Amino acid sequence: MSDQGNSDQIDFWSSAAGHKWVARQAELDTLMQPVLDGVLTRADLRAGLRVLDIGCGAGAGCLAAAQALGDRGAVLGVDVSEPLLDLARQRAAALPQITFHHGDATALRLDPPYDRLISRFGVMFFSDPVLSFTRMAAQLRSGARISFAAWGQIPENPFFTLPARAARATIGAMPKTDPDAPGPFAFRDPQRVDATLTQAGFADIKCEVMKLDLTPAGSVEDLAQQMCDIGPANGAITHFKASPAQVAELRQTIADALRPYAQNGPLRLPAEINFVTAIKP
C-alpha cells in the first residue's frame, strides 16, 4: 500500500465532516471524557516524556497529556483534518510543548523517537493497519508504550446503533457497509487488534474490553440534535437528501429513544470500549 492508501479518510475528515466536529468539539469532549481518561490512565505518562497523539482531532488528548508531562515534556498531535487541527492549535496556543502535524500517521518521519503513543478513537481508519502501526512503531523508542481506545462490539454501542435504527425507521435503510473496513468498528474484535499489533512488531499486547457510560452534558434533545449533525443519522440525512420535516421527525425519534437513558438522573449512554496497550520491544 502506498502512503496515499488512507486518502478516503483524509478527504472525509478534511471536508464538511471535519467542520461539523469542530462545531461540536466541546460537546464531544464532554461526551467522550471517560474514554480519554481510560487512555491516559493506561498510558503511564510521566514528567519529561515525549508523546504522540494519533488522530488528535481538536486536541483534547494533547492538552490532557501536556498537563501530565509538565514543561519539560513534549506532545505532538497528528491528524489528517485541517479544520480540527486549526481548532487544536488555537486551544494549545499558550503551551509551547504542544505541536501539531497535519498528515497521515503512516507517513511520519520523526527524530528523535517518542516515548509514548496515545489515541482516543484515532487508529481504526487505516486502510492497511499493519503497515500503519509498523511505521508508527518506527517513530517510537525501544520500550515505548502505546495506549489507545477503539469502539467495541457494534450492538453494545447505542451511540451508533440508536441513531442508525431511528434513521432506518424514519428516512430509509442505508446501503450495507463492511464493519471491518476502515471506520469506527474496524478494531471491535480484540483478536484482530492483537494480530495487527503482533505483525507490526509490538509485544505485551493487552486489550481490556470495558463497559462504561458516555457522559453527554445536555438533554436528550441536545444529544438528538448532535446525532443528526454527525454519525449514522447525519449519513442518512445526506444520503437520502432528507426534507426538513423528515429531519425533525428523525430528531424526535432519536430523542424519544434516548429518554430511558435519562430516567434516573443525568443522561448517560452505555458503551463498550476496547482499551489497548502494548510495548515496542
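The values are calculated or read from the model by the stated rules, or taken from the named source; none is laboratory data. The structure displayed is predicted, hence computed values, not measured ones. Glycine gets a Cβ as well: all are built from the backbone with ideal geometry, and neighbour counts include every protein chain shown. All accessible areas refer to the heavy atoms of the entire protein, side chains included, with ligands and DNA or RNA removed. Shrake-Rupley method; radii C 1.70, N 1.55, O 1.52, S 1.80 Å.
Label separation (residue 102 vs residue 141): 3.1 nm, computed from points 7 Å beyond Cα along the C-beta direction. Could you look at the chain and say what percent of its accessible area is carbon and sulfur, using a 1.4 Å probe and all protein chains? Answer for the chain: carbon and sulfur cover 53 percent of the accessible area. Full extension of the chain between residue 47 and residue 252 gives 69.0 nm of extra length, using 0.36 nm per residue less the Cα-Cα distance. Here the spin labels are modelled as points 7 Å beyond Cα on the Cα-Cβ line, and at residue 222 and residue 37 they lie 1.8 nm apart. Take the Cβ atoms of residue 72 and residue 191, set R0 to 45 Å, and the FRET efficiency comes out at 0.70. Annotation: residue 268 carries an accessible surface of approximately 80 Å², with a 1.4 Å probe and no ligand, DNA or RNA atoms counted. Separation of the stretch 248-281 and the stretch 125-146, taken as the distance between their Cα centroids, equals 29 angstrom.
With a sphere of radius 15 Å drawn around the Cβ of residue 26, what net charge do the other residues whose Cβ falls strictly inside it have (Lys, Arg +1; Asp, Glu -1)? Taking every other residue near residue 26 into account, the sum is -1.
Each other residue within a Cβ distance under 10 Å of residue 153 adds +1 if Lys or Arg and -1 if Asp or Glu, for a net charge of -2.
When its C-alpha radius of gyration is set against 2.2 N^0.38 Å (N residues), the stretch 138-239 gives a value of 1.34.
Probing with 1.4 Å while keeping every protein chain in the model, the per residue accessible area of the stretch 67-206 equals 44 Å². Counting 0.36 nm for each residue step from residue 180 to residue 245 and taking away their Cα separation leaves a gain of 20.0 nm.
As an exercise, use a Förster radius of 30 Å and the Cβ-Cβ distance of residue 203 and residue 23 to find the FRET efficiency, rounded to the nearest 0.05. So the FRET efficiency works out to roughly 0.15. For the chain, averaging the sequence separation of C-alpha pairs within contact (under 8 Å, six or more residues apart) and dividing by the residue count gives a relative contact order of 22 percent.
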